[in-house]
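Asker: Attaching a single structure in structure tokens format; questions to follow.
The values are calculated or read from the model by the stated rules, or taken from the named source; none is laboratory data. Being a predicted model, the structure only gives us computed values, none of them experimental. Backbone-built Cβ (ideal geometry, glycine too); neighbour counts: all protein chains shown.
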Amino acid sequence: MDVDFKNKGTVEVIVEAGVSSIEFSHPQSNSLPSALLKKLTQAIEQESSNPESQIILLGSSGDRVFCGGASFDELASISNEKEGLSFFSGFANVINAMRKSPKIIVGRIQGKAVGGGVGLASAVDYCFATDYAGVKLSELAVGIGPFVVGPAVERKIGKSAMSQLAIDATQFRTAEWAFNKGLYSQVYPTIESMDQGISELLKSLTYQSASAQTALKKILWEDFDHWDELLESRALISGKLVLTEESKASIQLILEKKNQIDK
């Protein structure tokens, strides 16, 4: 029986002690279909204006995978440029929502981050991770390229490191590599120790000036006001490439391998 993974997944928000904790989840390695991307964007925008919180914590469920990137089931179903643009704009919308938020966003990366997951980790303002949080930009291997998340990744780790991830699209880089390049702010051996570190930082931040944090956030992103247009143009590139025969064949091969594993 076919399962409709496009409409699976959840985004949960808990507001406590001045912190809005946003957690997304999807049964396929926390992948991100368009419906979930929309919910995630809405949650970030909503909590960005929530007067009951000062800081946003972004994370996902589970213990070994932070985010598997784009939903391959949905990628395989894209049949025209309009659908392609719409899907990849979902990632652009999430990144832009994080960029525009007046609140500092802390990332909780407990496991592997692939494709769009690396983009999310790059778009937060301070990022915690565990030793299990390897990173991979897999898009080129499926005929697309990391065009939408690329600007966020490049902003955080530089063009040279981003190009290494983008070109060597089949290999994971370690959490230590990501830390050394500046993607991760701190890396811990266990989830428990990471969560303790997160708790300490969040407590410290909520005692500090919210106005000063908003001013700092604005400065951190002051040169990127053009990203609404930039990321839309990048989404258009990916939306066209996903329709090519090479991309369709690569995506179908991955889906077939996943189906064999699931059986």
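Asker: Of the residues Ala97, Ala133, Ala169, Ala152, which single one is closer than 21 Å to Gly59 by Cα and part of a loop (DSSP other than H, G, I, E, B)?
Answerer: The unique qualifying residue is Ala133.
Asker: Now for a different question. Is there a residue in the range 162-185 that is within 21 Å of Pro33 (Cβ to Cβ), at pLDDT 95 or above and surrounded by 23 or more Cβ atoms within 10 Å (Cβ to Cβ)?
Answerer: No, because not a single residue in the range 162-185 is within 21 Å of Pro33 (Cβ to Cβ), at pLDDT 95 or above and surrounded by 23 or more Cβ atoms within 10 Å (Cβ to Cβ).
Asker: Those residues that are within 20 Å of Ser89 (Cα to Cα), among the β-branched types (Val, Ile, Thr) and crowded, with 23+ Cβ neighbours inside 10 Å, I need them from the range 22-67; list them, please.
Answerer: Residue satisfying the conditions is Ile44 alone.
Asker: Suppose we keep only residues that are in contact with a Phe, Trp or Tyr (Cβ under 7 Å, 6 or more places away or on another chain) and assigned to a helix (DSSP H, G or I) within the range 36-92. Which one would you say is modelled with the lowest pLDDT?
Answerer: Taking the candidates together, the pick is Asp73.
Asker: Run down Leu205, Leu243 and say which single residue is farther than 28 Å from Thr130 by Cα, surrounded by 13 or more Cβ atoms within 10 Å (Cβ to Cβ) and at pLDDT 95 or above.
Answerer: Leu243
Asker: Taking the conditions exactly as written (of a type outside the set (D, E, K, R) and touching a residue at least 40 places away in the same chain (Cβ under 8 Å)), does Ile14 satisfy them or not?
Answerer: The answer is no for Ile14.
Asker: OK, next. Report, ordered by the first and then the second residue, all pairs with beta carbons closer than 9 Å, sequence separation of six or more or different chains, a first member in the range 163-176 that is within 12 Å of Glu139 (Cα to Cα) and without any contact (Cβ under 8 Å) to a residue 60 or more places away in the chain, and a second member that is small (Gly, Ala, Ser) and surrounded by 14 or more Cβ atoms within 10 Å (Cβ to Cβ).
Answerer: Partner pairs satisfying both residue conditions: Ala166/Gly145; Ala166/Gly150; Ala169/Ser138; Ala169/Ala141; Ala169/Gly145; Thr170/Ser138; Thr170/Ala141.
For every residue, the table says whether it meets (1) assigned to a loop (DSSP other than H, G, I, E, B); (2) closer than 15 Å to Ile56 by Cα.
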residue	(1), (2)
Val187	no, no
Glu192	no, no
Leu201	no, yes
Ser204	no, yes
Gln208	yes, yes
Asp225	yes, no
Glu229	no, no
Ser233	no, no
Gly239	no, no
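Asker: While we're here: Name, by its number, the condition in (1) more than 24 Å from Ser20 (Cβ to Cβ); (2) among the hydroxyl-bearing types (Ser, Thr, Tyr); (3) touching a Pro at 6+ places or on another chain (Cβ under 7 Å) that does not hold for Ser77.
Answerer: (3)
Asker: Residue under question is Lys136, and the condition is that it be out of contact with any Lys or Arg (no Cβ under 8 Å at 6 or more places or on another chain), of a type in the set (Lys, Arg), at negative phi and at pLDDT 95 or above; does it hold?
Answerer: Criteria not met by Lys136.
Asker: Quick test for you: out of Gly107, Gly150, Gly145, pick the one residue that is within 29 Å of Thr244 (Cβ to Cβ), small (Gly, Ala, Ser) and either surrounded by 22 or more Cβ atoms within 10 Å (Cβ to Cβ) or out of contact with any Ser or Thr (no Cβ under 9 Å at 6 or more places or on another chain) (or both).
Answerer: Gly150
Asker: Look at the range 86-100 and say how many of its residues are surrounded by 20 or more Cβ atoms within 10 Å (Cβ to Cβ) and over 25 Å from Ala133 (Cα atoms).
Answerer: 2
Asker: Continuing with this model, one more query. Within the range 100-129, how many residues turn out to be touching a helix residue (DSSP H, G or I) at 6+ places or on another chain (Cβ under 9 Å), in a strand (DSSP E or B) and hydrophobic (A, V, I, L, M, F, W, C)?
Answerer: Result for the range 100-129: 7.
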